[in-house]
Amino acid sequence: MHIDVHELDVFVLWGSAITFLAILAVRVSSRTRLPSLLLYLLMGVAIGEAGFGIHFEDAELAHAMGFAALVVILAEGGLTTTWSDVRPSMRLGLSLATVGVLVSITVVAVGTHYLLGLSWETAVLLGAVTSPTDAAAVFSVLRVVPLPRRLTGALEAESGLNDAPTIVLVTLISTGALAEHGVLWNVGLVAYELIGGLAIGLGVGFVGAWVMRRAALPSSGLYPLAVMSLCFIGYGSAAAAHASGFAAVYVAALVLGNSDLPHRAATRSFGEGLAWLAQIGLFVMLGLLLSPARIGPETIAYAVVAGLVLTLVARPVSVAVSAVVQPMPPRELAFISWAGLRGAVPIVLATIPLAEGVEDSERLFDIVFVLVVIYTLVTGPTLPMVAKVLRVARRSEPRGLDIEAAPLERVAADLLQVAISPVSKMHGVEVGELRLPPGASVSMIVREGQTLVPERRTVLKHGDDLLVVTPRRQREKTEERLRQVSSRGRLAQWLGR
């Protein structure tokens, strides 16, 4: 195979320039609270056939590259998710990823078939590809919205696990295999894919963590590579066993990210950077795949109607049904319904029927693309306001106390940076009255730009920044104790640790 060096140089130039611009665009997305995927998709459209004239119509390549990017994104999601956050809501997250997906597919399929006159095959495919939430969108947006752990945990668990059953369903429909077998066979296949993927992911995660704790690698930079390799081994092992590689890679990464491994901070940072690169490449490629000439008023109208059915009917119903296994207050379920962010995943799934040559697949791809853009613009920026209106946002912690953590790997401890806000009741409390768990202590106070080493009788004040060292096993208790004192002041000493 002959490779033109000049063409390679041009590709490197354009690829690097687009990547750099996409990185700068993160600043814009963080200020507007829009998922950066929208900017990347528009960048792809801008350099495509309607812009700079780059033609890209290889649906099979887009399908393969899309799956590869999703593997990286899910691995990063698992590595950076704290198990203690998702554990209380895992039942709801798993229910949303399975039962919720089936309910959503049914409602969207019935609604779009009768309202838009779509064929049953196209309507079911539309319901299937738009049902899963997007991990990249959820992880990027929700982590800057102050929510209770049970809400973020449920949404993150759902977005990490719902790709697996949906991909199986879309593939079965696109290849015609769904109609060839009975209901029990199809249900059993989906169950096997999901359960098998979870089991393999757990196995790879625990075995990999055991190996990594005993492996003395000569360079710290090798540890992030080794951990990411283990995540990919989870995906490949599950795929080889005809189970869900997406479930396996997320669970393996979740186990590895929450294990006491060397250089965890470097591993998470490496995974985050790799995921950003995967997102940029994925979204720009999907933007390239779109042909703006095919987008007309009819496509936009279909996307709006389908989005209304999905957002206002299918999502709330699926959340209500899924919550049977783990009931929550209505206002929290309403927020989960609104926070079902769609992103690249529906567009990637739409490339499956496109690659299989399913009838009307181009029209389906265009509808899904427009739907994702419109409803991401609607839901993403409004999440903070909706959280405030529904009264589900955490108020005590952001109002009174701000805690950030950094790992101290060599001593299995964490360094907490605690900011005492002007309304915190920690003002006037002595350091000794904090009564932190055994092994935890306030090591430094930064006050008006000056540092001081505290004593037990040192009085804390508004605006102070504390550096608190805590053993990793005591971190949750330490943070909880600090929040108690911040919200109740000296009275918190009667509440115990």
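Using the Cα centre of the chain as origin and beta-carbon charges of +1 (Lys, Arg) and -1 (Asp, Glu), tell me which of Val12, Thr122, Leu169 is placed farthest towards the positive end of the dipole.
So the residue furthest toward the plus end is Leu169.
Tell me which residues come under 5 Å, amide H to amide H, from Val429 once H is placed; ignore anything under 5 positions away on its chain.
Amide H neighbours of Val429: Leu460.
For the stretch 184-240, what log10 I(q)/I(0) values come out of the Debye formula at q = 0.13, 0.15, 0.17 1/Å, with one point per alpha carbon and no solvent?
One equal scatterer on each Cα of the stretch 184-240 leads to -0.42, -0.51, -0.61.
Once you put a point 7 Å from the Cα of Ser269 and another 7 Å from the Cα of Glu480, both along the Cβ direction, what distance in nm separates them?
3.1 nm
Could you let me know the centre-to-centre spacing of the stretch 218-266 and the stretch 63-109, using Cα atoms, in angstrom?
Distance between centres, Cα-based: 17 Å.
Rounded to the nearest 500, what is the 222 nm mean residue ellipticity of the chain from helices alone, with -39500 (n - 2.57) per DSSP H run of 4+ residues and division by all residues?
Rounded to the nearest 500, the figure is -20000 deg cm²/dmol.
To the nearest 20 Debye, how big is the dipole of the stretch 249-393 about its Cα centre, given +1 on the beta carbon of each Lys and Arg and -1 on that of each Asp and Glu?
Dipole size: approximately 620 debye.
Given the stretch 407-475 reduced to its alpha-carbon atoms as identical point scatterers, what log10 I(q)/I(0) does the Debye formula return at q = 0.12 Å⁻¹?
For the stretch 407-475 at q = 0.12 Å⁻¹, log10 I(q)/I(0) is -0.30.
Provide the per residue accessible area, probe 1.4 Å, for the stretch 63-114, rounded to a whole number of square angstrom.
34 Å²
So for the chain, taking the charge dipole from beta-carbon charges (+1 Lys/Arg, -1 Asp/Glu), which of Gly77, Ala247, Ser421 sits furthest toward the positive end?
Ser421
Report the extension gain between Glu455 and Trp14 in nm, rounded to one decimal, defined as 0.36 nm multiplied by the number of residues separating them, less their alpha carbon distance.
Length difference between fully extended and current span is 153.0 nm.
Excluding ligands, DNA and RNA, what is the solvent-accessible area per residue of the stretch 408-450 at a probe of 1.4 Å, expressed in Å²?
With all protein chains present, the stretch 408-450 gives 51 Å² per residue.
With +1 assigned to the C-beta of every Lys and Arg and -1 to the C-beta of every Asp and Glu, and no other charges, what is the dipole magnitude of the chain about the Cα centre in debye, to the nearest 20?
Magnitude of the dipole: close to 3040 debye.
Starting from the coordinates of the alpha-carbon atoms of the chain, obtain the Kirkwood hydrodynamic radius over all distinct pairs and give the value in Å to one decimal.
Evaluated on the chain, it is 24.2 Å.
Can you order the peptides 365-374, 270-279 by their average number of other Cβ atoms within 10 Å per residue, highest first?
Numbers: 365-374: 23.8, 270-279: 19.6.
Per-residue Cβ counts within 10 Å, averaged per peptide and sorted highest first, yield 365-374, 270-279.
Pop a pseudo-label 7 angstrom from the Cα along the beta-carbon direction at both Asp360 and Leu42 and give the gap in nm to one decimal.
In this crude spin-label approximation the distance works out to 3.1 nm.
Keeping every protein chain present and rolling a 1.4 Å probe, give me the accessible area per residue for the stretch 145-294 in Å².
Spelled out: the 1.4 Å probe surface of the stretch 145-294, per residue, equals 39 Å².
What is the spin-label model distance, in nm, from Gln417 to Ser229 if the labels are put 7 Å beyond Cα along the C-beta direction?
A separation of 3.4 nm, rounded to one decimal place.
In whole percent, and with a 1.4 Å probe on the protein chains, what portion of the accessible area of the chain is carbon and sulfur? Provide the component values of the computation, followed by the final result.
Working: 14420 of 22640 Å².
Carbon plus sulfur share of accessible area: 64 percent.
What's the ranking of 8-20, 341-353 by average number of surrounding C-beta atoms within 10 Å, highest first? Don't skip to the end; give the middle numbers.
On the way: 8-20: 11.7, 341-353: 27.6.
For the peptides 8-20, 341-353, the packing ranking is 341-353, 8-20.
The values are calculated or read from the model by the stated rules, or taken from the named source; none is laboratory data. These numbers come from a predicted model, not from an experiment. A quick note on method: Cβ atoms are made from the backbone with ideal geometry, for glycine too, and the neighbour counts reach across all protein chains shown. Just so you know, the surface numbers come from the protein's heavy atoms only, side chains and all, with ligands and any DNA or RNA stripped out. Shrake-Rupley method; radii C 1.70, N 1.55, O 1.52, S 1.80 Å.
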